[in-house]
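Written below as structure tokens is the structure these notes are about.
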Ligand SMILES: [Fe+2]
């Protein structure tokens, strides 16, 4: 894509510059969102001991249903904030490889959100007396949690890489 540069007098410069518009990371905001996500950490810390043992999950099933529903709502907010402030569309960037990673990570949001939506729905339908249903739910939640944590780790790495790219480290 070609874009005309504007000179200091507001006029259009004679030369035109070739640029590529891609997705980019607003590293400072994305880091702030992650650092401030206290409610998300609190929810995950409440869920963890309840699903550590199947019997504990069965004994606290109504509480678990409420917590998984809260986690779904919190993740809706978390992903919305990241997409509103942490990623920019059509930004002019010098590092296409960072754009590719950013786009791939942003594209993981709907897939992750769809999984927590399903888990929240399933938690309502499960018979908490059934060992099989409860253990399957716990496995699926553990899988989701691992996928979410991997996503978060990759975003943190992207933030660091974006900052390095800004100051020219590793070039
Ligand atoms: Fe994310």
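Each reported figure results from applying straightforward, stated rules to the coordinates on display, with no laboratory input. All values derive from a computational prediction rather than experimental measurement. Every residue, glycine among them, receives a Cβ derived from its backbone with ideal geometry; neighbour counts consider all protein chains shown.
For residue 58, the criteria (1) within 12 Å of the ligand (Cβ to nearest atom); (2) in contact with a helix residue (DSSP H, G or I) (Cβ under 6 Å, 6 or more places away or on another chain) hold in every case but one, which is (1).
Residues that are surrounded by 12 or more Cβ atoms within 10 Å (Cβ to Cβ) and more than 16 Å from the ligand (Cβ to nearest atom) within the range 93-116 comprise 93, 94, 95, listed in sequence order. Say whether the condition of being touching a strand residue (DSSP E or B) at 6+ places or on another chain (Cβ under 9 Å) and closer than 20 Å to residue 44 by Cα is met by at least one residue in the range 104-114. Looking for residues that are touching a strand residue (DSSP E or B) at 6+ places or on another chain (Cβ under 9 Å) and closer than 20 Å to residue 44 by Cα, one finds none in the range 104-114, hence no.
Of all residues assigned to the range 25-48, at least one qualifies as being part of a loop (DSSP other than H, G, I, E, B), touching a strand residue (DSSP E or B) at 6+ places or on another chain (Cβ under 9 Å), farther than 23 Å from residue 147 by Cβ and within 16 Å of the ligand (Cβ to nearest atom).
Being more than 14 Å from the ligand (Cβ to nearest atom), surrounded by fewer than 18 Cβ atoms within 10 Å (Cβ to Cβ) and on the phi < 0 side of the Ramachandran plot is a description that does not apply to residue 149.
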